Amino acid sequence: MSLSKHNPRLTMDFLVSPKSEDQTFDRKSASISRSRLAENIVAFANADGGTIALGIRDRKFEGINHIGKEKINDFLQVSKDLCVPMVRVIPEFVDIKTEQGREDRLLFLHIEQSERVHATSSDEVFLRLGDETRKLNHDERLQLEYDKGEREYEIREIPECKLEDLDEEIIESYTKAIGYSGDVTRLLIARGLASRSPIGPIMRVAAVLLFAKQPTMFLPNAKIRFMRFDGTTMETGPRMNIVKQETVEAPLPRLIERTIQVVSQQLRDFVTLGKEGKFITVPEYPEFAWQEGIVNAVTHRAYNLYGNDIQVRMFDDRLEIESPGKLPGLVRLTNIKDVRFSRNPRIARVLNELGWVREFGEGVNRMFEEMKFFHLDEPEFSEPHFSVKVTLRNNIVMRRVRREAKLSAMVTQDEWDTLSVEQKKALELIYSRQKLYTKEFADFISKSRNSARSILESLVEKGILIRVGTSAKDPTQHYVLARED
């Protein structure tokens, strides 16, 4: 069994020079107690998983044979005996030579990342943070349970919020969206947004966030702060460079709408010179990408974290959207395009039914696709200070370079030089739109359909375009590029 099967970064090179401790690796002496080992196993299971190497003291191999078979077996049982619930651990023995040249072994415990929160038999919870195993206090443990999905903050009851505190207009738009015409109270209870009580429905966090006229009366952190900076850095004190700042407070559907309006007013259009010698206008960021970033922040943030708002920060060269709470469940920076998990499933469902939310991974995937289509760098996801931040960069220079590089890979310079202005315009359009209809092209160049079709057909004859559809009267007939980059 190879080490890399469990952790790609653990290779046999480790046997020559033990690697440093980090988020997914720790080394311990064979003299470690079972209770201390349990703490470390729990910490890895609660974080990203990892490996503990037993038999190393002060970065030197001491081995494990000297402690005897019984204690080694005790180590192998720690994950079952002293972890609640049991942690899945895969053991691996590796032959080594000690510092004294003696044949011995190391015991590697490969710990799987868990969907659940694990504690020691003494009901203490630990988490691996960097190269440290940290004991969590009550609030931190609760936050971990929220993040793992074992507890859902959105179903916490808020008795202070009454039915009359809800926004009737948003409720009405929601019932229309799902085709419901019955009692609103029954709907809220059925959707898990309220609970029954002898004195009437008790609103839950999700209902307050989605439908309350003023959610911040009950949840003060339920808002978005927008900041526009002059330059590419955030300055403070006398050099403060905020040129616009606005705080948006509203029930979530309106919060999304109003934030999109605020950001839209600040976005720029870039003018760049196209290959045909004409200036063209392109947006600063693809609309879907930045709007999806806002929707994701609103839908998936940790609303139980007080004192922090969602922040949208606009700089000259980038747009940052940061929301409180680390990535939920088993979603990690490395699998964010593939793993689906919602910290607030009831909120996500309502926003989905209102047309805002897609599957977690689906929307993220399209963000990457849209940025690539606009010849921009990929979205950057990070987790600074117990939050999730997505950064979109607007490098207009690289956008032009990449677009021209792709076109030149499809059409040689000699071919390009022989093309007419209209033919070049057709290629520019078809590259940006992926397909082009005759009427679209005719309108763009202000000529008849027959003239437009003649130009497009000339590119088909050159082998640059392909006609999809045979009949000129077919409204679905269009043209696409024949060559891939």
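The values are calculated or read from the model by the stated rules, or taken from the named source; none is laboratory data. Note that the structure is a prediction, hence the values are computed from the model and not measured. Note that each Cβ is placed from the backbone with ideal geometry, even for glycine, and that neighbours are counted across all protein chains shown. For the accessible areas, the whole protein counts, side chains as well, though only heavy atoms, and no ligand, DNA or RNA atoms are used. Shrake-Rupley method; radii C 1.70, N 1.55, O 1.52, S 1.80 Å.
Brief remarks on what is shown
- Candidate set: segment 433-467, residues that are of a type in the set (Lys, Arg) and part of a helix (DSSP H, G or I); chosen: the one farthest from Phe373 (Cα to Cα): Arg449
- Residues within segment 142-185 that are hydroxyl-bearing (Ser, Thr, Tyr) and in a loop (DSSP other than H, G, I, E, B), tallied: 2
- Scan of segment 107-135 for residues that are at pLDDT 90 or above, closer than 23 Å to Ile72 by Cα and open to solvent by 20 Å² or more (accessible area, probe 1.4 Å), ordered by number: Ser121, Ser122, Thr133
- Checked against (1) open to solvent by 70 Å² or more (accessible area, probe 1.4 Å); (2) closer than 15 Å to Phe44 by Cβ, Val78 meets all criteria but (1).
- Ala289, sole failed condition from (1) out of contact with any Pro (no Cβ under 7 Å at 6 or more places or on another chain); (2) modelled with pLDDT of 90 or more; (3) small (Gly, Ala, Ser): (1)
- Meets criteria (open to solvent by 50 Å² or more (accessible area, probe 1.4 Å), modelled with pLDDT of 90 or more and either at negative phi or touching a strand residue (DSSP E or B) at 6+ places or on another chain (Cβ under 8 Å) (or both)) for Arg358: no
- Restricting attention to segment 196-208, the residues that are surrounded by fewer than 24 Cβ atoms within 10 Å (Cβ to Cβ) and in a helix (DSSP H, G or I) add up to 0.
- Here Leu319 meets each of (1) assigned to a loop (DSSP other than H, G, I, E, B); (2) touching a strand residue (DSSP E or B) at 6+ places or on another chain (Cβ under 7 Å); (3) under 13 Å from Pro379 (Cβ atoms) with one exception, condition (1).
- Any hit, segment 325-339, residues being within 30 Å of Asp139 (Cβ to Cβ), among the small types (Gly, Ala, Ser) and either out of contact with any helix residue (DSSP H, G or I) (no Cβ under 9 Å at 6 or more places or on another chain) or surrounded by fewer than 19 Cβ atoms within 10 Å (Cβ to Cβ) (or both): yes
- Qualifying residue in segment 224-242 (condition: modelled with pLDDT of 90 or more, out of contact with any Cys (no Cβ under 9 Å at 6 or more places or on another chain) and open to solvent by 40 Å² or more (accessible area, probe 1.4 Å)): yes
- Filter pass, Leu107 being over 30 Å from the mean Cα position of the chain (by Cα), among the aliphatic types (A, V, I, L, M), in a strand (DSSP E or B) and within 18 Å of Ser35 (Cα to Cα): yes
Table: residues versus (1) over 15 Å from the mean Cα position of the chain (by Cα); (2) within 16 Å of His300 (Cα to Cα); (3) in contact (Cβ under 8 Å) with a residue 12 or more places away in the chain.
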site: Val331; (1), (2), (3): no, yes, yes
site: Lys337; (1), (2), (3): no, yes, yes
site: Arg343; (1), (2), (3): no, yes, yes
site: Trp356; (1), (2), (3): yes, yes, yes
site: Met371; (1), (2), (3): no, no, yes
site: Leu376; (1), (2), (3): yes, no, yes
site: Ser382; (1), (2), (3): no, yes, yes
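- Criterion violated by Met217 - all others in (1) within 24 Å of the chain's Cα centre (by Cα); (2) under 16 Å from Asp309 (Cβ atoms) satisfied: (1)
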